[in-house]
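Asks: First, the structure itself, so that you have it in front of you.
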Amino acid sequence: MRNRLRSSMAPITMIGPTTLWLILFLMIPLALVIGISFLTRNGFGGVLMIPSIDAYKELVSTEYLKVFASSFQLAFLTTIICLVVGYPFAYIIANSSERVKPFLVLLLMLPFWINSMIRIYGWNTILRSSGMVNNALISLGIIKFPLELLYTDGAVLLGMVYDLLPFTVLPIYTSIEKLDPSLLEAASDLGAGKVHKFVRVILPLTMPGVFAGSIQTFIPSLGLFYIADMMGGAKTMYIGNLIKNQFMSARNWPMGAALAIVLIAVTLVLMKLYTRVGSLDDMV
Amino acid sequence: MSSKKRQSPFAVVYACLVYIFLYLPIAVVIAFSFNTSKMNIVFEGFTFDWYVSMWSNTLLMDAFKNTIIVALTSTLLSTILGTLCAVGLNRFEFKLKGLISASLYIPIVIPELVFAIAMLILFSSLGITMNIATLIISHVTFSMPFVVITVRSRIAGFDRSIEEAARDLGANEFRTFFRVTLPMIMPGVLSGAMLALTLSLDDVVVSFFTAGVDSQILPLRILSMVKKGISPDVNALSTLLIIGSVLLLTGTTLIQRKLERDDAV
Amino acid sequence: MSNNKDVIVRLIDVEKEFDGVKVVKKLNLEVREGEFLTLLGPSGCGKTTTLRMIAGFSHATSGEIELEGKNVADLKPNERDVNTVFQNYALFPHMNVEDNIAFGLVEKRVPKAEIKERVAEMIKLVQLEGMEKRKPAQMSGGQKQRVAIARALINRPKVLLLDEPLGALDLKLRKQMQLELKHLQQKLGITFIYVTHDQEEALTMSDRIAVMNDGVMEQIGTPDEVYNHPKTKFVASFVGESNILESYVEAVRGDLLRISLEAGKAVLHAPGFKKEEMIYICVRPENLQLSQTPIEHFSIRGRIIEHIFAGSVIKTVVELINGQRLRVARHPGEEELEVGTYVYVFWNPKKAIIVHTVEEQIYNIIEQNSNRMYKEFVEKYSATTEEV
């Protein structure tokens, strides 16, 4: 008996703290988000304990639908550009010689270590109307007056692509890296040309990586409000900024919570689609 | 996949262009930290002045200090919690195991912004004013699952009899953990810790909602200053952070290579 | 509880269940101090489970395990005076040879100087001089095995448990290590409990062999007893090669039995059998003989269908008229018999072993158990009357 008691203590000491942590700082907060989305707003921040679905009713107004449309458009464009730019890039890294490959991967990881705000700030510097690009163009005589580069939708898109490109490339790189070379040899052996080999063997086999990369690009792009702030000057309203505003300035918590639920719903749908082609562990 | 084929010149140029795209803004931030002009517009001349003056910029220094404290503390905490949890999940079978494993994926898949406002709501409804502790707690929550998953993948291939051998030779559970289990999973723990550190250093969204007035970290400081124009002090400090990150990343990559070489069979 | 001083490990009615399946059934076993005992059986017979219960990695579902007369149910592996050599060595990959071997002594807080001395001694004993600083990844299987043995022996355990320690080695190295292990055991005088599925290994190394099958110990005895006097059909067929023949006692004259088989009649020498009993007999290939002319008392006929060359002997396969195939070991000098030749099969009546019938075996088990229960009852009863 003594024995059984002592060894049954171990799971509690090892997993207990984490479980408690997850309950306190993950489950309860998320439950609060859901709960609050069904309450009534209190103009001073916080909520009144009166059940209501006002927030959800408001979501379907044209004003909000426009925000959704522009957000999803941005997320979609970002993902497509990242894929188009990132796939060949991942392919080149995966096919590089064993000597330079670790270095190339390190170079790809390095930006993660530098806060994205610092990097976006770099773009902000480059694109300002009095910034590097305009100065260069003027001194080259191509333009007379500075172009409006910063604080445009294009600048926001650039910032998004910039910030999320490594997230697209890494899973694709991993899936190309995992390809069994003998499969490719078999394909060549069976007479597949370069293009056919790519379309019929490599691309289908790396689809899990492509999906993982797309999800890791699409979902975060909906929430990166600060990129719109830094690059777009809040001209176009995106869902991320809208949620931020509900908590920071508009003080409409139920609305913010309901918008967050929309984000969760989108995520769940995408994850559900994803688990048909790949495993969750590939996302990490 | 490895091939000995030489890359076509087009591929080399393409890869270089993408890398330039990735590093251009970083280079610009660094370059302007040496600029004599107070405005980040044109490069007027070379100076180290900003590296001197930044130390007396108290707002900036506080942000710097907070950044380091939050990154290190949250990394330490999430590594300890995550490693214990990973070892426990690997070792024991119990009813809620599936549920716990699954819930670890939640912080990974939900959008950061949702998690951020969830934390904001939690702390506000408890009447807690945001401070450095709320910031650290939030960082631990989103980085710990990554530690668990990294460490678990390392343990997965292990031979349980190695731990049994330690017990057999007289080591109790604690001694076995510290003398055998931990050293064996060390490469995984290190990768996990590095991942946690990266996530903490790179975070903006969660920090934005959970940092207090007196616990601002560098990225938040940049965000609040950007409209008014940023002094090159920020570039100087950012440059130091970038150099620190590069050194740390290179260092740990080397250590990990060594660890992996040591127990390569 | 009677306390035989010679017995170092005692298993009393030990049973182990995994998910409702009994993998060890009512196991009673006494291991004597200083002996080399082998648990022999096919995979899944419960031998490794038994070993793990003695080591403390696994708990008996019921029954008792005693080490030196003390029940060890409450002792964890690190609290038991036994050490294990694992099947796949289980060396600590992050430690070099010295540190691996010193592990147990460090746990016991032995002074550093003494550790150094004893580790050096051990390294010498297992002939690993010059490898002190190597890591497991840089060693061959045989070397790793030596480290594993040294690591387990340095604690000077009362009993050393070895779980198929030579399983991963190639044949030649395995033969060499078998002898080395045996000599090591004799030199140190430590009790070895050795688990293997290799009957040849068991016969070479052991003082006694416990043959297990399907969670039950079928027989325990010296290699000679187990090989030459198998008590059950399983033991006869698992230990060494044997031809098992089902037969029927037709007549008894003194110790000589006249038996009838499907393929003919034969005689054998065995005391204590009755007419009309069903018995299994086992004849080793080397004890079977072939003749082209009839032999007195034997009328088993068959046809040679194959010769298998096996080095010093030739195994000749004979198919009897009922279709059963027998293997006969013959020496190259013997009369050459071509495939297809019809032959008579016979044996020295004293060299055929009777392995009891299945029914009889069951009866024996019931008898043993009832004897034990009766004894327990008497003990209990006398104890209570004394109290009164």
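The values are calculated or read from the model by the stated rules, or taken from the named source; none is laboratory data. Keep in mind that this is a model prediction, so the values were computed, not measured. Here the Cβ is made from the backbone with ideal geometry for all residues, glycine too, and neighbour counts use every protein chain on show. In case anyone asks, the SASA skips ligands and DNA or RNA and just uses the protein heavy atoms, side chains included. Shrake-Rupley method; radii C 1.70, N 1.55, O 1.52, S 1.80 Å.
Asks: Viscosity 1.306 mPa s, temperature 10 °C: Stokes-Einstein D of region B:1-126 from its Kirkwood Cα radius, in µm² per second? Kindly include the intermediate steps, with their values, before the conclusion.
Replies: Values: Rh = 20.8 Å.
This corresponds to a translational diffusion coefficient of 76 µm²/s.
Asks: Looking at region B:232-254, which residues lose a minimum of 50 Å² of accessible area between their chain alone and all protein chains in place, measuring with a 1.4 Å probe and not counting ligands or nucleic acids?
Replies: Residues losing area: B:Leu249.
Asks: Which value, in debye to the nearest 20, gives the size of the charge dipole of the protein assembly as shown about its Cα centre, when Lys and Arg are +1 and Asp and Glu are -1 at the Cβ?
Replies: 2100
Asks: Per residue, how much accessible surface does region A:45-88 expose to a 1.4 Å probe? Answer in Å², no decimals. Write out the running numbers ahead of the final one.
Replies: Numbers: 2540 Å² over 44 residues.
Dividing the accessible area of region A:45-88 by its residue count gives 58 Å².
Asks: Moving on. Using a 1.4 Å probe on protein heavy atoms, which residues of region A:104-125 have at least 40 Å² less accessible area in the complex than alone?
Replies: A:Leu106, A:Leu107, A:Leu110, A:Phe112, A:Trp113, A:Ile114, A:Asn115, A:Met117, A:Ile118, A:Tyr121, A:Trp123, A:Thr125
Asks: Could you tell me what a quarter of the Cα convex hull surface of region A:140-239 works out to, in nm² with one decimal place?
Replies: With the hull built on Cα positions only, its mean projection is 9.7 nm².
Asks: Something else about it: Which ³J(HN,Hα) values, rounded to whole Hz and listed in residue order, are derived for region B:202-218 from phi using the Karplus coefficients 6.51, -1.76 and 1.60 in 6.51 cos²θ - 1.76 cosθ + 1.60 with θ = phi - 60°, glycine and proline given as x?
Replies: 8, 6, 10, 4, 5, 4, 4, 8, 10, 8, x, 4, 9, 10, 5, 10, 3
Asks: Are any of the pairs C:Lys274/C:Lys351; C:Lys233/C:Lys351; C:Lys275/C:Lys351; C:Lys22/C:Lys175; C:Lys16/C:Lys76 more than 24 Å apart by Cα-Cα distance, and if so, which?
Replies: Numbers: C:Lys274/C:Lys351 19 Å; C:Lys233/C:Lys351 16 Å; C:Lys275/C:Lys351 20 Å; C:Lys22/C:Lys175 34 Å; C:Lys16/C:Lys76 17 Å.
Distance filter (> 24 Å) returns C:Lys22/C:Lys175.
Asks: If the limit is 20 Å between Cα atoms, which of C:Lys26/C:Lys47; C:Lys112/C:Lys133; C:Lys108/C:Lys135; C:Lys124/C:Lys187; C:Lys265/C:Lys315 go over it?
Replies: C:Lys108/C:Lys135; C:Lys265/C:Lys315
Asks: Next question, about the same structure. Leaving out ligands, DNA and RNA, and with a 1.4 Å probe, what % of the accessible surface on the protein assembly as shown is carbon or sulfur?
Replies: 62
Asks: What accessible area, in Å² to the nearest ten, does a 1.4 Å probe give for A:Lys178?
Replies: 140
Asks: To the nearest Å, what is the center-to-center distance of region A:250-275 and region C:18-85, using C-alpha atoms only?
Replies: Going from one Cα centre to the other spans 57 Å.
Asks: Can you tell me the accessible area per residue over region B:1-105, all protein chains present, probe 1.4 angstrom, in square angstrom?
Replies: 55
Asks: Continuing with this model, one more query. At q = 0.06, 0.11 Å⁻¹, what log₁₀ I(q)/I(0) does a Debye calculation on the Cα points of the protein assembly as shown give, no solvent, two decimals?
Replies: At q = 0.06, 0.11 Å⁻¹ the computed log10 ratios are -0.65, -1.29.
Asks: Could you compute the FRET efficiency for A:Lys178 and B:Leu24, with r as their C-beta to C-beta distance and R0 at 41 Å, rounded to 0.05?
Replies: 0.85
Asks: Okay, next question. Among A:Pro208, A:Gly154, A:Ile261, which residue has its Cα positioned farthest towards the positive end of the charge dipole of region A:146-284, with +1 placed on the Cβ of Lys and Arg, -1 on the Cβ of Asp and Glu, and the dipole taken about the Cα centre?
Replies: Among A:Pro208, A:Gly154, A:Ile261, the one farthest towards the positive end of the dipole of region A:146-284 is A:Ile261.
Asks: As a test of the definition: with a 1.4 Å probe, what buried accessible area, both sides summed, do you compute for C against B, in Å² to the nearest 100? It would help to have the intermediate numbers written out before the result.
Replies: On the way: alone 20740 and 16730 Å², together 35320 Å².
For chain C against chain B, roughly 2100 Å² becomes buried.
Asks: Give me the Å³ per residue figure for the convex hull around the C-alpha atoms of region C:138-292.
Replies: 166
Asks: So for region B:48-264, what are the equivalent ellipsoid semi-axes in whole Å, largest first, each being the square root of 5 times an eigenvalue of the Cα gyration tensor?
Replies: 37, 23, 13
Asks: Okay, moving on. In whole Hz and in residue order, list the ³J(HN,Hα) couplings for region A:179-191 that follow from phi through the Karplus curve 6.51 cos²θ - 1.76 cosθ + 1.60, θ = phi - 60°; x for Gly and Pro.
Replies: Karplus values, whole Hz, x for Gly and Pro: 4, 7, x, 5, 5, 5, 5, 4, 4, 5, 4, 7, x.
Asks: Can you give the Kirkwood hydrodynamic radius for region C:7-234, in Å, rounded to one decimal and based on Cα pairs?
Replies: On the way: mean 1/r = 0.0553 Å⁻¹.
In region C:7-234 this quantity evaluates to 18.1 Å.
Asks: Can you list, bin by bin at 5 Å, the percent of alpha carbon pairs in region C:65-120, starting at 0?
Replies: Bins of 5 Å from zero give 4, 15, 21, 19, 19, 13, 9, 1 percent of pairs.
Asks: To continue, here is another question. Can you list residues whose amide H is under 5 Å from C:Ile8's amide H, if they're 5+ apart or on another chain and H is modeled 1.01 Å from N?
Replies: C:Val31, C:Arg32, C:Glu33
Asks: How large is ³J(HN,Hα), in whole Hz, for each residue of region C:315-330 in order, when computed from phi with the Karplus curve 6.51 cos²θ - 1.76 cosθ + 1.60 and θ = phi - 60°, using x for Gly and Pro?
Replies: 8, 9, 9, 10, 9, 6, 5, 8, x, 5, 10, 10, 10, 10, 8, 10
Asks: Another one. Quick check for you: with a 1.4 Å probe and neighbouring chains kept, what is the accessible area per residue of region C:209-312, in Å²?
Replies: 48
Asks: Now for a separate question. Ordering B:Leu249, A:Leu20 by how much accessible area each has at a 1.4 Å probe, largest first, what is the list?
Replies: Details: B:Leu249 15, A:Leu20 110 Å².
Sorted descending by solvent-accessible area, the residues read A:Leu20, B:Leu249.
Asks: Around C:Val23, what is the net charge, scoring Lys/Arg as +1 and Asp/Glu as -1 over all other residues with Cβ under 13 Å from its Cβ?
Replies: +2
Asks: Please calculate the 1.4 Å probe accessible area of C:Glu218, with all protein chains present, and give it to the nearest 10 Å².
Replies: The value for C:Glu218 is about 40 Å².
Asks: Treating only the Cβ atoms of Lys and Arg (+1) and Asp and Glu (-1) as charged, compute the dipole magnitude of region C:40-104 about its Cα centre; round to the nearest 20 debye.
Replies: The dipole of region C:40-104 has a size of about 280 debye.
Asks: On alpha-carbon atoms, Rg over Rh for region A:62-283 using Kirkwood Rh? Kindly include the intermediate steps, with their values, before the conclusion.
Replies: On the way: Rg = 20.4 Å, Rh = 19.6 Å.
My calculation of the ratio gives 1.04.
Asks: While we're here: Working with all protein chains in place, sort B:Leu223, A:Leu165 by solvent-accessible area computed with a 1.4 Å probe, largest first.
Replies: From most accessible down to least: B:Leu223, A:Leu165.
Asks: Then there's this: In whole Å, what is the distance between the alpha-carbon centres of region A:112-162 and region B:48-114?
Replies: For region A:112-162 versus region B:48-114, the Cα centre distance is 32 Å.
Asks: Please report, in debye to the nearest 20, how large the charge dipole of region A:62-283 is about its Cα centre when each Lys and Arg carries +1 at its beta carbon and each Asp and Glu carries -1 there.
Replies: It comes to approximately 340 debye.
Asks: Here's a follow-up. With a 1.4 Å probe, what is the total accessible area buried between chains A and B, in Å² rounded to the nearest 100?
Replies: 8200
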